[in-house]
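So the structure is just underneath, and the comments pick up after that.
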């Protein structure tokens, strides 16, 4: 860290006492990312221009051998076992890391790895349930969209004339961003790499 502008004093070496944790400072992400980027590029990773949080390691033919994602101080490694162990050892030689094992939950997404069918399923069930509970819709019935023309309307009951529905507060201002996020990261499936392991970087060595 460096002293803020106009706080420097000539004639001695001074330190800046932090009145709050490093995580609360705007400089924190850059301070952490610089040594991480330096190490990853030194051991053979290339940062994607399309996503600065994603690194790839390529073989001589240009095929990706390993993927590494960065989310603050969480690192997700995707690679065959031998390459994974090699890179993990290189990272541990510089940073203090804690292995979280094969990941099952990441950034609000439940992840199920099915090796029998060689398929990985991503689901946001917990996040969607949380949205429904927020707007008291956890007991609401599901429906097809667009609605089927043959669907029976016999069970539909009209609302009382004095019923007040906070539509604007509940939906237009609050729920649309939540629903948009759920749709953007909708449930999907993909073929996994051989090993998916999550590391949490704790402190610099």
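For this structure, a couple of remarks:
- Consider the range 67-92 and keep the residues that are farther than 29 Å from residue 130 by Cβ and in contact (Cβ under 8 Å) with a residue 60 or more places away in the chain. The one that is surrounded by the fewest Cβ atoms within 10 Å (Cβ to Cβ) is 81.
- Condition check for residue 116: outside any strand (DSSP E or B), under 26 Å from residue 30 (Cα atoms) and free of Cβ contacts under 8 Å to residues at least 24 places away in the same chain: no
- In the range 40-55, the residues that are touching a residue at least 40 places away in the same chain (Cβ under 8 Å) form Cβ pairs under 9 Å with partners that are surrounded by 12 or more Cβ atoms within 10 Å (Cβ to Cβ) and in a helix (DSSP H, G or I), at six or more places apart or across chains, as follows: 43/86; 43/87; 43/90; 43/91.
- Selection from the range 99-130 of residues that are closer than 30 Å to residue 85 by Cβ and out of contact with any strand residue (DSSP E or B) (no Cβ under 9 Å at 6 or more places or on another chain): 108, 115, 116, 117, 118
- Residue list for the range 1-37, restricted to those being exposed (fewer than 11 other Cβ atoms within 10 Å of the Cβ), at pLDDT 70 or above and either assigned to a helix (DSSP H, G or I) or under 19 Å from the mean Cα position of the chain (by Cα) (or both): 30, 34
- Of all residues in the range 104-113 being at pLDDT below 75 and out of contact with any helix residue (DSSP H, G or I) (no Cβ under 9 Å at 6 or more places or on another chain), the one that is surrounded by the most Cβ atoms within 10 Å (Cβ to Cβ): 106
- Given (1) at pLDDT 75 or above; (2) in contact with a strand residue (DSSP E or B) (Cβ under 9 Å, 6 or more places away or on another chain), index of the condition residue 133 fails: (2)
The values are calculated or read from the model by the stated rules, or taken from the named source; none is laboratory data. In this text, all values refer to a predicted model and were calculated from it rather than measured experimentally. Reconstructed Cβ throughout: ideal geometry from the backbone, glycine too, with neighbour counts over all protein chains shown.
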